[in-house]
Structure formats: C-alpha cells, structure tokens
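Working notes, beginning with the structure itself.
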Amino acid sequence: MRRLLLPVLASALLLAGLAGAPAWAADAPPGASSCTGCHATRQVADSVIPQITGRTAADIANTMRQYRSGAWPSSVMGRIAKGFDDSQIDAIATWFAAQKE
Amino acid sequence: MTTRRRFLKLTAAAGLAPVVASAQGQGAGRVVVVGGGFAGTTAARTLKALEPKLTVTLVEPNRIFTACPFSNGVLAALREIGQQQFGYDGVARAGVTLAQTSATAVDAAAKSVALADGNKLSYDRLVMAPGIDIRWDALPGYDEAAAEKMPHAWKAGPQTVLLRQQLQAMEDGGLVVMSAPANPFRCPPGPYERASLIAYWLKIWKPKSKLLILDAKDAFSKQRLFQNAWAQLYPGIIEWVSLSQGGKVTSVDPSTLTLVTDFARHKAAVANVIPPQKAGAIAQQAGIADRTGWCPVEPVAFESTLQPGIHVLGDAAIMGGMPKSAFAANAQAKVCAAAIVELLAGRKPVDPLLINTCYSLVAPDYGISIAGVYRPDKGVLADVPGAGGVSPLEVVGGFRAQEALFADSWFKTITAETFG
C-alpha cells in the first residue's frame, strides 16, 4: 500500500496546480486519447489518479516502461503498459509532455 | 479556448487545415451526433475541440443524463441518484449545438436525420450512439409493465430508484432474486457488482436476507475475483446459479414476482431482471443493426459496415474484443472524432490504439478491475496480446482499497471530461 500510494499521491500533489490543459489535440498519437479517461487533462477535485500532462517525456516514458516490466508495482498500469511498444510509449510521452500551458 | 488556440497553432504550423477547410467551401462540415451518453457526448465535444469550424449537433431528448457506472452504489444507499446526474451546459459551452429532442428516422441516402420536433438535420457524417434498448420480446412475461414490478435498472434513473425503494421496503429475511442475461450486454461485470453491493447492504440492514443470481451464462467477467470476495465478505448471502446448473430464466410472472427456469420457480421478495438487450431502437430504423440487434463497424473510424457515412459508438456497436463500458464508449468516441476530422479533410485516419479499464466495487472499500488494450486486426478491434487482464487474485496490503479509490477517481474524471 505504502509503496503503491506514495508515488501516486506525490504526483497528484505536484500536479495539483496545473489546470486548463487542452483535453484533445489533432496530433495525438495512437493510444493517447484513451489515457484521459482516467488521467484528467485538467484538475479534477479529489482524484487520486495523477495527471500526465505537463510531466517530462522522459518521466512519462520511464514510468510506462517500469510499469510494463513490473519493476514498479501497479494496479492497472502494468496490464495496460504491456499493450504498448517502445515507439508507441515514446510518442505518447512526447505528446503529453507538450500539452502543458 | 485553450484547445482552439492550440489547435490553430498546430494547424498554422502545419500550414494545412485552414486551406483544406476553405477549399471545401462551407467550412469543415456538419456532423450530427445521436445520443448524449458517454459515447455521443464525448464525440460531439471532441469533434468541436479538434475542428472548431465544424457544425456539431448533439441530439438528445433528456435534459439530464443519469450515468450507469456507480449506479449500483445508489441501490446500496452508498450514493444518491443526484450524484449520477449530469447536464449538458458544459457541452453547449464547448460550442456543440444541442437538439433536445429525439431522432425519429435516419435517411442514410439523403444524409439527414428527422427529429421528433419536426426539424430535419443534414449531415456530412453521422455519429450514432443510441446505447441499449431492452428486448421486450425476448423474455416471456417481461414487458414494460413488468419492469415496474421487477425493475431491470439497467438504464440508470427511475428504474434505479424503484429497485432501491423495493429493497428498502423488503422485510428482513426476504429473498432478492437477480437474473443476468447471456452475452453480449451492457457492462459485463455490472450484474455481479450489483449483487455484491446489494449483499453489502443486506448484511447491514436485512441480515436474514439472501440474494440469488440466476444466470444465462456459465462464466462471467472477473468471476474468480467476485466469487473469492463473496466467500470472504458475504458468506451464505449470495448464491450464483449458472446456466448449466439451470440458471437461465425462461419466463417471469410479475404478478407473483416469480422467475421461472427449466428446473424451478423462484419467488422473490424483490426481483431484479436484467433482460436481453439490443442496440437502441433508432439503430434498427437506420439500418445499421444486423440480425444480432447490434451494429457492426470497421475498427479504425467505427464506420458502419452496413451504411457508409454513419459511425456507431459505445454499447450499440459490435467492437470486437472491447466490452460495452462507459470507459470504452468514451475512448471510442475520441478516436472516432479524430478519424472524422481526418475523413472530412480528405485524409485517411491512422490505425488507432484503445484502452479499456473497468472497475467494480465488491464493497465500498474493495475494488477490482479489468483492463485491455485494443487495435484493429483483420477487420475487427482485437486485444493486443499479452496486455490487459484482471486484478491479481492474491494481493497484499491496501490493494483492493486502492482500486476502490481509483474507481471513484475514474468516475469523477470521465464524467468531468464528458459533461464538465
């Protein structure tokens, strides 16, 4: 529980100040638009699911790879990350990183 | 505004879209979206966000949308029905034109939709997201009048409130009987989440009562997770009767609240009949539903394989491996909207990747999930091999509590994205 929750809460707190990121853009790579069903593009009150927008591409890509390999524990993200190859992860990471204001 | 500014910046950099739009003469085109649930509303908003020059009209008769996800919590008095309800003000603010009336007929050849208020809408592309209708002809004895005695509560709203009232009025010791249909149907884990949360409530308020699930299937979504949790949390309260054990309900008698199988007659104190379903009625009229009652689509832009120019989203559509869920509907809508923008500009949409994640609550602090990743393969949306699956059977610490928290956050996020 502690290992799972701490990174999540830390991320949520770090990102709590960001708001108003665009929900959608025309150049989103395959897979990116599904992410926002859980990872809000603008701040949602009381959500414990961290936002992705505004994080660096390297951070997002690394997180996805750690989930995919199982090196980091997760609930759904390990199962989801296994559906994406390196180039898909990199494209999604680069796109979300560019969505900050 | 942000989205528009960003879109303009992107397109200006690419030097493409404004030229294409003006070359078409009348801006970027007209899209009509029928159905204001998770699929249709998301599609309408995304279309407008991606291409502000589009005229996007959302046809939806209800002023207030009542969400099915989390509505099982209303039955167990964990939530109120108002927490399930969302208006369309945010959709209108996003530039979508609202037609608050029903679509009565689609003319695919003329590319127009007739409305109950007498108006007619012409379109370049039509998005159909009519959700489900109950197959009133499929279960002898179960018609619209019977649903007032034996609620389905499979469209959230008055039916949900009715079932909750019946549960609350039931005497302690009364038998709750649920029936679950064969596949496919809206929200595959939904009947079992509902059984779980009703059992949670019975355990507190009607501890002598039991719940019987009569099932037309031998297997169901997240089955081992549910059954393990029932044994742990609700021993002796929930009994599941599978198809091969004689669980298929073949008729009902609403006057006596009796559910009949080939082997037995089950008299209920409260009966929740989750009947066979089909795509919303307008789908049959539009000619986009096949003999199964559901709508076949291609897997890139979700265009009907029966009627060109019409895209079908959400529960009404046959989406290959993707289940009929709100998450899936929202994800499909975003992909479809981007594809429609491409098609209207004369470009070919790229193959999409989609995710589905469905949480179920077994108890307020006990969540379980199923996830999948999907891509077009041989003409259908297929599971990406090696990805997806359900929560682990064995967990440590607060894993289930954390998934319950994630479920709550997911609901807040997806309703904010769709209706906020």
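In the protein assembly as shown, the DSSP beta bridges split such that about 55 percent are antiparallel, to the nearest 5. Neighbours of B:Val362 by Cβ distance under 13 Å: Lys/Arg scored +1, Asp/Glu scored -1, total +2. Within region A:50-100, the proportion of Cα pairs with more than 16 Å between them is 34 percent. Extension gain for the segment B:Arg135 to B:Asp89, taken as residue separation times 0.36 nm less the Cα-Cα distance, is 13.3 nm to one decimal. Taking all Cα pairs closer than 8 Å and separated by 6 or more residues, the relative contact order of region B:84-148 comes to 15 percent.
Multiplying the residue separation of B:Ala110 and B:Ala231 by 0.36 nm and removing their Cα-Cα distance gives an extension gain of 37.8 nm. Based on Cα contacts under 8 Å between residues 6+ apart, chain B shows a relative contact order of 17 percent. Normalised by the number of residues in region B:138-266, the average gap of Cα pairs under 8 Å and 6 or more apart makes the relative contact order 28 percent.
Taking a Cβ cut-off of under 12 Å around B:Trp136, the surrounding Lys, Arg, Asp and Glu residues balance to a net charge of -2, with basic ones at +1 and acidic ones at -1.
If R0 is taken as 45 Å, the Cβ-Cβ distance between A:Ala98 and B:Ala77 corresponds to a FRET efficiency of 0.50. Sorted fewest first by neighbouring Cβ atoms within 10 angstrom, A:Met64, A:Met77 come out as A:Met77, A:Met64. Partner shielding of B:405-418 amounts to 6, given as the average count of beta-carbon atoms from other chains within 10 Å of each residue beta-carbon. Cross-link partners for B:Lys210 among the aspartates and glutamates, with Cα-Cα distance under 20 Å and sequence neighbours closer than 8 places in the same chain left out: B:Glu171, B:Asp172, B:Glu193, B:Glu239.
Rounded to the nearest 10 degrees, the angle from helix B:326-344 to the longest Cα principal axis of chain B is 10 degrees.
Report, for region B:146-276, the % of DSSP beta bridges that are antiparallel, rounded to 5. Antiparallel bridges: around 35 percent, rounded to the nearest 5. What is the sum of charges, Lys and Arg at +1 and Asp and Glu at -1, for the other residues whose Cβ falls under 11 Å from the Cβ of B:Ala387? Taking every other residue near B:Ala387 into account, the sum is +2. Computed over chain B, the range of Cα coordinates on each principal axis works out to 71, 50, 40 Å, biggest value leading.
Please report the base-10 log of the normalised intensity I(q)/I(0) for the protein assembly as shown, using a Debye sum with one equal scatterer per alpha carbon and no solvent, at each q in 0.07, 0.11, 0.13 (1/Å). For the requested q values the scattering log ratios are -0.38, -0.95, -1.31. Per residue of B:374-382, other chain Cβ atoms within 10 Å of the residue Cβ number 1 on average. Over the protein assembly as shown, dividing the summed -39,500 (n - 2.57) contributions of all DSSP H runs of at least 4 residues by the number of residues returns a 222 nm mean residue ellipticity of -10500 deg cm²/dmol. Rg over Rh for region B:146-276 works out to 0.92, using Cα positions for both radii and the Kirkwood form for Rh.
Scaled against the 2.2 N^0.38 Å expected of a compact globular protein of N residues, the Cα radius of gyration of region B:14-171 reads 1.29.
Coordinate-derived values only; no laboratory data. Since we're looking at a predicted model, the values are computed, not measured. Reconstructed Cβ throughout: ideal geometry from the backbone, glycine too, with neighbour counts over all protein chains shown.
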